[in-house]
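Quick notes on the structure that follows.
The values are calculated or read from the model by the stated rules, or taken from the named source; none is laboratory data. Since this is a predicted model, take the numbers as computed values, not measurements. Here the Cβ positions follow ideal geometry from the backbone for every residue, glycine too, while neighbour counts run over all protein chains shown. For the accessible areas, the whole protein counts, side chains as well, though only heavy atoms, and no ligand, DNA or RNA atoms are used. Shrake-Rupley method; radii C 1.70, N 1.55, O 1.52, S 1.80 Å.
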Amino acid sequence: YVAAVYEHESILSPNPTALVDRQSALELMGRNLDVYEQQVVAAARQGAQIIVFPEDGIHGFNFTRSSIYPYLDFVLHSHTVKWNPCREPYLFNDTEVLQRLSCMALQNKIFLVANLGTKQPCEHTDPHCPSDGRYQFNTNVAFSDDGMLVATYRKHNLYFEYAFDTPPEPDYKLFDTPFAGKFGMFTCFDILFFEPAVNLIRQYNLKQVVYPTAWMNQLPLLSAVEFQQAFATAFNINILAANIHHPTLGMTGSGIYTPVKSFIYHNMESYGGKLIVAEIPVVTTDYKTNLENNERFRENLDHSCKTFTSAPMDDQVCFKEGQETPGRVSEKENEQLPPLFYAEMMYDNFTFVPVWGGKGELQVCANTLCCYLNYRRAVLTNELYALGVFDGLHTVHGTYYVQACALVKCGGLSFSTCGQEVTDATALIDFQLWGNMSTPYIFPLLLTSGITLDFADHMGWKNNHYFISKNRTSSGLLTAALYGRWYEKD
């Protein structure tokens, strides 16, 4: 099917905390909707059957609870009411934004997904009802190609969004399409949590996801395109991800992702929006079988294996007996092991070991997690790389448990620069990276120079370890990592 995502540079309110009337709010949102309309027409001309717009694209951000109020549309979050806002505009008050979106879908015969702020009055008898008598939600809406409102999703994992409420229960929202079956829907920060994103995909065995986001890039492990791709790969699904474009805030990175190919846009240099249109296959392989394979790693697989030292650089991953035990003991008594050091990466205290020389094998451990690397560099460049491990609770900008094994390019040549944000690299590295992860939810990251994506040659479970291997990256390596999320320990 042909999909489109639009990375939108929003026209923002010059003073989002100021109180304005509904008319002024509609005027500002109307200017963003004018851009949406042009893009829907352009996408439809290129044969797109569905288009996705970013989070906060219509109204912007940095509002207070009261200052966002004039920007909110009324949406009935109910399955019972069938409603076409374009054809039945007078059914509910304060639905001007929904009407315009519905008409764009109808007039261009295209499925359309957008994000807006919504309001819902509530009774004080409702224990969750805010003191001002209304809910305010960060909401995705999906319209079918005849303008029907087919799904609404209220963001569950808010990222410092004081204007919005968390819905009392996670929404599991899907809509059906004639061209690719069911699509699931969640927003931005949701992608890092079990509820509702992972649970939605598991319960409904989804193959397609629409994903509006307003993502601030954080290298080396959480750049938008890097994690969107890893998510598509990990769950064997297609993701249509639309991000906001505001380079000054570090916001860019959208794409149409399949488990094996990506069509991405990442641009921190210039301004303006970007439409991506791509034809992608409907994923058919069953994700559930993937997960069962993942779960199998808990069973004890055959450990008999030759030592890893002699392994050629292909996917013959082998594990030495007892290699899980932490320790810095070398096989040869007199061999100097590279030094351990600590550095902050992604606000977490990683344990690192430097990656020196043309080739070698390394291991580094923290808590229960040990990470191993076998690497070869054809040409030695004047760049420092390090292998890092983190196994613990991440607590800055959200709280969640991470198990990570990461090969990263450092910002400079001193150890203290490891973990810094780096965007360019020249070293081409053959590697196998593996770890004794305790969770089946592993997101394989592979990022190369200029924030471009690469794909691993092989990845998966072997002997209770998860591995990723690559013979020669397409350009200089920035990050190769296994980013594990241990949801039970959040």
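Just a few scattered comments:
- Among residues other than Arg22 with Cβ under 13 Å from its Cβ, the summed charge is -4 (Lys and Arg +1, Asp and Glu -1).
- Taking θ as phi - 60° and the Karplus parameters 6.51, -1.76 and 1.60, the scalar couplings of the range 350-361 work out to 7, 9, 10, 9, x, 9, 9, x, x, 7, x, 10 Hz in sequence order, x denoting glycine and proline.
- Inter-part distance where the range 142-203 and the range 102-138 are each reduced to a Cα centre, Å: 13 Å
- Ranking Arg31, Arg154 from most to least accessible surface, computed with a 1.4 Å probe over the protein chains only, gives Arg31, Arg154.
- Given (1) 25.4; (2) 23.6; (3) 20.5, the label whose value is mean projected area of the Cα convex hull in nm² derived from this model: (2)
- For the range 339-489, the relative contact order works out to 23 percent when only alpha carbon pairs closer than 8 Å and six or more residues apart are counted.
- A simple charge model with +1 on the Cβ of Lys and Arg, -1 on the Cβ of Asp and Glu and nothing else charged puts the dipole of the chain at about 660 debye relative to its Cα centre.
- Solvent-accessible surface ranking, highest first, for Lys155, Lys119 at 1.4 angstrom: Lys119, Lys155
- With θ taken as phi - 60° and the Karplus curve 6.51 cos²θ - 1.76 cosθ + 1.60 applied, the whole-hertz 3J(HN,Hα) list for the range 26-36 is 5, 5, 4, 5, x, 5, 5, 5, 4, 5, 3 Hz, x standing for glycine and proline.
- Taking label positions 7 Å along the Cα-Cβ direction at both Leu91 and Val41, the computed distance is 2.7 nm, reported to one decimal.
- Antiparallel DSSP beta bridges within the chain, percent to nearest 5: 85 percent
- Average Cα contact separation per residue, the chain, under 8 Å, 6 or more apart, as relative contact order %: 12 percent
- Cβ-Cβ FRET estimate between Thr17 and Val260, R0 fixed at 30 Å, reported to 0.05: 0.10
- Of the solvent-accessible surface of the chain, computed with a 1.4 Å probe and all protein chains present, 51% belongs to carbon and sulfur.
- Residue-span extension gain [Gln107 to Lys489] - 0.36 nm each, minus C-alpha spacing: 132.8 nm
- Taking the longest Cα principal axis of the chain as reference, the axis of helix 96-108 is set at about 80 degrees.
- The long axis of helix 224-235 is offset from the longest Cα principal axis of the chain by roughly 80 degrees.
- Taking each DSSP H run with n ≥ 4 as -39500 (n - 2.57) and averaging over every residue of the chain yields -4000 deg cm²/dmol at 222 nm.
- Solvent exposure of the chain as accessible area per residue, Å², 1.4 Å probe: 40 Å²
- Dipole of the chain [Lys/Arg +1, Asp/Glu -1 at C-beta], most positive-end residue of Ile50, Tyr71, Thr399: Ile50
- The simple spin-label model puts a point 7 Å past each Cα toward its Cβ; for Leu380 and Asn62 those points are separated by 4.9 nm.
- Sorted peptide list for 180-189, 448-457, criterion being average Cβ within 10 angstrom, highest first: 180-189, 448-457
- Shape of the range 2-285, Cα gyration tensor, a/c cut at 1.5: rounded
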